[in-house]
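Have a look at the structure below before the remarks.
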Amino acid sequence: MARIAVFGAGYVGLVTGACFAELGHIVCVRDVVDEKIEKLNAGQMPIYEPGLEDLLVRNRARIRFTLDAAEAVDGADFLFVCVGTPSTYSGDADLSAVWTVLAELPVDTRVVLVMKSTVPVGTGERVRVALEARGLDDVAYVSNPEFLAEGTAVRDVMHPDRVVVGAFRPEDADRVAALYAPLETTIVRTDVASAEMVKLASNAFLTTRISFINEIANVCELVGADVVDVARGIGLDHRLGPHFLRAGVGWGGSCFGKDVSALKQLAGNSGYHFQLLSAVIEVNDLQKRRVVGKLEKRLGKLRDKRIALLGLAFKPGTDDLRDAPSLVLASRLLAEGAEVRAWDPVADARDLLHGVAFCETVLEAVEGADGAVIVTEWPELSGLASPEVREAMRYPLIVDGRNLLDPAQARAAGFVYEGIGRPSPPSGAPAPAPDRSVELAG
Ligand SMILES: NC(=O)c1ccc[n+]([C@@H]2O[C@H](COP(=O)([O-])OP(=O)(O)OC[C@H]3O[C@@H](n4cnc5c(N)ncnc54)[C@H](O)[C@@H]3O)[C@@H](O)[C@H]2O)c1
């Protein structure tokens, strides 16, 4: 049993802390936001992450929360740094929260400092120099990047594909690797710089796959192919695999944008122009806007048209709105003069999107709408092509930004259906009459 301090009570810190408590360790999670710590101490959740609350309740005896840095590291064997590392205006990673953590460590701290936050290559070396400068000779450093995905974070941490441990000294790597011994996984041991690069390169590769399939989708639209079938045909190749080949409205979220940008900047700062990543980012920027063109194809000018945005979180299973395509889309639609009504089962965008009407139910959002856009593939939307929705809409247009629905079924139910990278009838075709036999069959 180890004593573990976790700095940062966000998606990574809370899940990391809860999972180490589940593995039998004594955990103290520290954050700087009073409200978060108050909520956690009151047994409330500051974020939405499936399975996390159960884990925290079950391990209440082994996990506590504090605002006090000294209290958190007092007697700790490990300090997991899980603070945010957002983008600066230049596209580099903002490491100010990481430097604050170092500045807050009491002089007599004796821990293995484990970096879980995503940081540029070279950060570990800079931290080592900073620790030396502060005389923190009993603080060892290990890079242990996190690969969890929001929505499945608890499962991802308890059943990781791999755990990457990069250290300056083998004995420090041994201590961190031992924490993961109960998990059935491969431990990849590297130097610190390589561990840092594994994380950035993984996210860059995932976004590259998505931008790749989105470009294939855009060509499919021009030549009459269906990207869903194409992706299936590609993904069954064992050399390629099926993951991250789903065409849609583009990638977003708290990590992809900032990490891809940080890698591109890191390369640029080191004298290398990372052309591929520039294209990956540009393709994604354009992809988020393509939905507007699809709406215009059917509705003409969008001024005063009522558009329902269904799903706001950057993906299902989370309330995280950071860099969500929905934000770009809503802003574009408002700029075109459309009336935007939005629905999401958990994400609250009231502070981010002004001029949007937020609705409690899907039916309320599509009421009188000229078009409904599936932005996030929440399971609740799989039954969108229903008689009630068709009845409620002024014009029965569904733009399926995640290829969630079956086009044939949606059309048979009387909707004008536009997917991403899927064949669609030319504009100007009248809305199909609902096939009553389909309706009666339920
Ligand atoms: N969210 C993900 O899916 C994910 C996945 C893998 C890696 N990461 C990386 O993990 C890091 C954290 O991401 P997140 O999504 O959990 O961020 P987050 O914004 O949800 O949480 C970060 C927390 O750190 C707190 N904090 C800031 N300064 C602090 C300090 N000095 N001491 C203690 N707490 C402090 C903030 O108040 C916040 O609660 C980032 O580097 C991110 O790139 C995130």
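Please report the spacing between the Cα centers of the range 176-200 and the range 123-138 in Å, no decimals. Between the Cα centres of the range 176-200 and the range 123-138 lies a distance of 21 Å. Oblate is the label for the range 65-157, because the ratio a/c of its alpha-carbon gyration tensor axes (a ≥ b ≥ c) is 1.5 or higher and a/b is not greater than b/c. Just want the answer: with Cβ charges of +1 for Lys and Arg and -1 for Asp and Glu, which residue in A225, F256, L245 is farthest toward the dipole's positive end in the range 216-263? Highest projection toward the positive end goes to F256.
Using a/c under 1.5 as the rounded threshold, could you call the range 1-70 rounded, prolate or oblate? The axes a ≥ b ≥ c are square roots of the C-alpha gyration tensor eigenvalues, and prolate needs a/b larger than b/c, oblate otherwise. It is oblate, given that a/c is not under 1.5 and a/b is not larger than b/c. Ranked for footprinting exposure by Cβ neighbours inside 10 Å, fewest first, T190, T361 give T361, T190. Which helices count as membrane-span-like in the chain under these terms: full DSSP H, at least 18 Å along the axis by C-alpha, Kyte-Doolittle mean of -0.5 or more? Qualifying helices, which must be both long enough and hydrophobic enough, are 192-223, 256-269, 275-299. In the range 50-133, Cα pairs under 8 Å separated by at least six residues give a relative contact order of 31 percent.
Contact order, relative form, for the chain: 11 percent (alpha carbon pairs under 8 Å, 6 or more residues apart, mean separation divided by residue count).
Loop-located chymotrypsin sites (Phe, Trp or Tyr not before Pro) in the range 223-305 (DSSP state not H, G, I, E or B) with no more than 15 neighbouring Cβ atoms inside 10 Å: Y272.
If exposed GluC sites (Glu not before Pro) are those in a DSSP loop with at most 10 other Cβ within 10 Å, what is the longest stretch of the chain that has none? Counting at most 10 other Cβ atoms within 10 Å as exposed, the longest clean stretch of the chain is 1-183. By the count of neighbouring beta-carbon atoms within 10 Å, fewest first, V227, V283 end up ordered V283, V227. A helix-only calculation puts the chain at -12500 deg cm²/dmol for mean residue ellipticity at 222 nm, using -39500 (n - 2.57) for each DSSP H run of at least four residues, averaged over all residues.
Working from label points 7 Å from Cα in the Cα-to-Cβ sense, the R289 to D229 distance is 3.2 nm.
Taken together, the values in this text are just the output of simple stated rules run on the coordinates, not laboratory data. Given the structure is predicted, the values throughout are model-derived calculations rather than measurements. Backbone-built Cβ (ideal geometry, glycine too); neighbour counts: all protein chains shown.
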